[in-house]
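First up is the structure itself, then whatever we jot down about it.
The values are calculated or read from the model by the stated rules, or taken from the named source; none is laboratory data. Only a predicted model underlies this, so the values are computations on that prediction, with no experimental measurement involved. All Cβ positions, glycine included, derive from the backbone under ideal geometry; neighbour counts span all protein chains shown.
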Amino acid sequence: MQVLVVEDEAETREFLTRGLSEAGWDVTVHDNPQPALLDLGARRFDVIILDRMMPGMDGLSALKLMRGAGVTTPVILLTAMSGIDDRVEGLESGADDYLVKPFALSELIARIKSIARRPEIVEEVNERRLGSLHIDRLARQARRGDVVLDLSPIEYKLLDVIVEHAGEVVTRSMLLEKVWGYRFDPKTSLVQTHMSRLRAKLDKPFDTEMIRTVHGSGYMIHDPD
Amino acid sequence: MTRTRVLASNIFRRTVAASMGYIAVAVGLVWLIGFIAILQIEGEEWARIEAEIAETEDAFQEGGIEAALDLHRIGDAAEWDDDVILARLEEEQIVVAIRNFDDDVLVGYPGLWPDDAAELVYLDHPTLDEGLRAEAFGLGDEAWGTIALFVPEREYYWGWLMPQMTYALILVGLPLSLIIGFLLSRGVLARIEAISDTAGAVVSGRMQSRVELQGTGDEFDRLSSEINGMLDKLAQLNRNIEAVSVGVAHDLKTPLANVAGRLDLIRRDLNDSDAAHAHIEKAERYLDGLLRVFDALLRLGEVETGRRRAGFGQVDVSTLAQDMADSFAPLFDDAQKSLDVRVAKGVATTGDRELLQQLLSNLLENAIEHSRDAARVFVELEQARDAVVLRVGDDGPGVSPIDRARLFDRFHRGDQSRNTPGNGLGLSLVKAIAELHGGDVTLLEGTTGAVFEVKIPA
């Protein structure tokens, strides 16, 4: 995967280059938007990581320029500000996701994977399947094999979200956003508590575990069979 | 600091200017009133002369020329002598001269001649130089006459009184106005200097300086007490900032020291990968806590600027509270506590959905962390008359009076040892969010357990 990073701060640039390269991706790094825009005209990238605040042309202006020039590559904005206005402004300018510094590398990687894979048009599906797991989204019901899982509405939604991203790491903050709609981080173990209840129903009664905890970053569901 | 000199002060200049204006108006009024009075007197003079002429003409109509002449005859002589005029000036003030067309005097004073051009005529008299108003009339084709009236008042007004009054007004009024202006300005300036001195003292670092009140409750006292209030508020904010700075420094120092310690341990355990990993994990946890403090502070700052008010919309608080209670219920279970949910339906308000979520989340987390073992916690939402009322409470021992006073202060924690979780910002944020929505949060009194009540206008 081709990743374009535009970041003016040297420390973050080094951290991103190293981390994303180790994830097995091809990373192109620039410290200001101008050469990045030239690069974008020359070749295709799968995802762009764009710092919002840079001297000279800032990230938002660069983003507007790109979108104006017809570049549809998914963009993740990095910012030091966490205000809701800033987020709304960022998303309105054409960003696909928004990450507040400081962030864990695993969080960024999870979001890159989720975004690069995102289809152009999101289709509402009526069911999801993952091995023996079957989610009927109309009846809001989940089965593993023949056993209907007795899930609370939150557990159901949690399962639905991680199955949508099967095979990828879904982070705690991604779950807070997608399942609860919270943009803040409760200091209690909200996600862990509900996740352990879901696992008690989804995995415990069976021989194999579908949900894995990815240490220090989040959760991943896969087909164990 | 330079003092304002009285004579250069704004108030002095204004007072003097105002006094000048008053003097000008007074002079104008004197002249106007004089003018009106003279018009009045002139009217009366005319009326007297006209009446005298009419009487003479009536006598002529009825009894002929002799009757008319008889009317004005004094003694036997046809002509009045100079003494008659002196007597007339004292008494009737009317002087008459009737002549035939050869200008021989038939009756009256030969020294009286009409004068068409002038308002005033003067008698041909050896001693008198008083002016008279005169009018001529005819008596058939036999005679013509002049009737005149002494008019000393007019000369008196125009020629003497008016200029005198004007000079007097200016001569007395001007110095008076300067003196009044000076005294008035000095009094006002003294009050202003007192305020100004206090401000100067505060600027130069004597933060405790306050303006002394006169106790009269006048506008200067009011201004002074407002300024004192402002200074008190500033001092209080300053103390808050100091407290927060100390809190931040304290709360950051410990975890940073811990991280430093772990880095040291990593260096020692470089060959023991498992141990190094454990150190890294611990260090990350310390840093996480640190970042949370910063997030909370930034969030608090953001809320307190009121910037978020721009994004207010209709929020269904009932659904929000119910969802939140559902989400948190398992956490209470795991902590062996119970959560009793009493949420009325259809409660809504205008606000920031995300912040209201955070408000309730903080209250619920607070309840989980600080209630007694096996506590029964409740969350209650109801629509009061014109407010949304949200209560989160427990059945524990409540809050000690010492903590009660400082509960919503930043970095305040019930447990001074700082061993309990939390950073002492959660309830500050609850308060800031409630206030952003035009409401407030209070710790109810006289309840069993600690009950927080948030009231937000519906």
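Of note:
- Residues in the stretch A:198-213 that are in contact (Cβ under 8 Å) with a residue 40 or more places away in the chain and within 14 Å of chain B (Cβ to nearest Cβ) were compared, and the one that is nearest to B:LEU429 (Cα to Cα) is A:LEU198.
- Subset of the stretch B:299-325 [within 11 Å of chain A (Cβ to nearest Cβ) and closer than 15 Å to A:PRO186 by Cα]: B:ARG299, B:ASP323, B:MET324
- Residue match in the stretch A:190-197 (condition: within 12 Å of chain B (Cβ to nearest Cβ), surrounded by fewer than 17 Cβ atoms within 10 Å (Cβ to Cβ) and aliphatic (A, V, I, L, M)): no
- The helices (runs of 4 or more DSSP H) falling completely within the stretch A:1-89 that include 2 or more residues that are within 30 Å of B:PHE312 (Cβ to Cβ) map to A:59-68.
- Taking the stretch B:343-393 as the range and being without any contact (Cβ under 8 Å) to a residue 24 or more places away in the chain and within 14 Å of chain A (Cβ to nearest Cβ) as the test, only B:GLU354 passes.
- Whichever residue in the stretch A:13-26 is more than 18 Å from the chain's Cα centre (by Cα) and crowded, with 16+ Cβ neighbours inside 10 Å and, among such residues, is nearest to A:MET54 (Cα to Cα): A:ARG13
- Meets criteria (of a type in the set (Asp, Glu) and loosely packed, with under 14 Cβ neighbours inside 10 Å) for B:ASP264: yes
- Scanning the stretch B:308-330 for residues that are in a helix (DSSP H, G or I), touching a residue at least 40 places away in the same chain (Cβ under 8 Å) and surrounded by fewer than 16 Cβ atoms within 10 Å (Cβ to Cβ) yields B:ARG309, B:GLY311.
- Pick from the stretch A:104-114, criterion out of contact with any Ser or Thr (no Cβ under 7 Å at 6 or more places or on another chain) and surrounded by 17 or more Cβ atoms within 10 Å (Cβ to Cβ), ranking: modelled with the lowest pLDDT: A:SER114
- Residue pairs whose Cβ atoms lie under 7 Å apart, separated by 6 or more positions or on different chains, with the first residue in the stretch B:187-201 and under 12 Å from B:ILE227 (Cα atoms) and the second part of a helix (DSSP H, G or I) and among the polar types (S, T, N, Q), are B:ILE195/B:SER224.
- Being farther than 30 Å from B:ARG308 by Cα and in the same structural domain as A:LEU50 (by TED's automatic domain parsing) is a property that A:ILE135 lacks.
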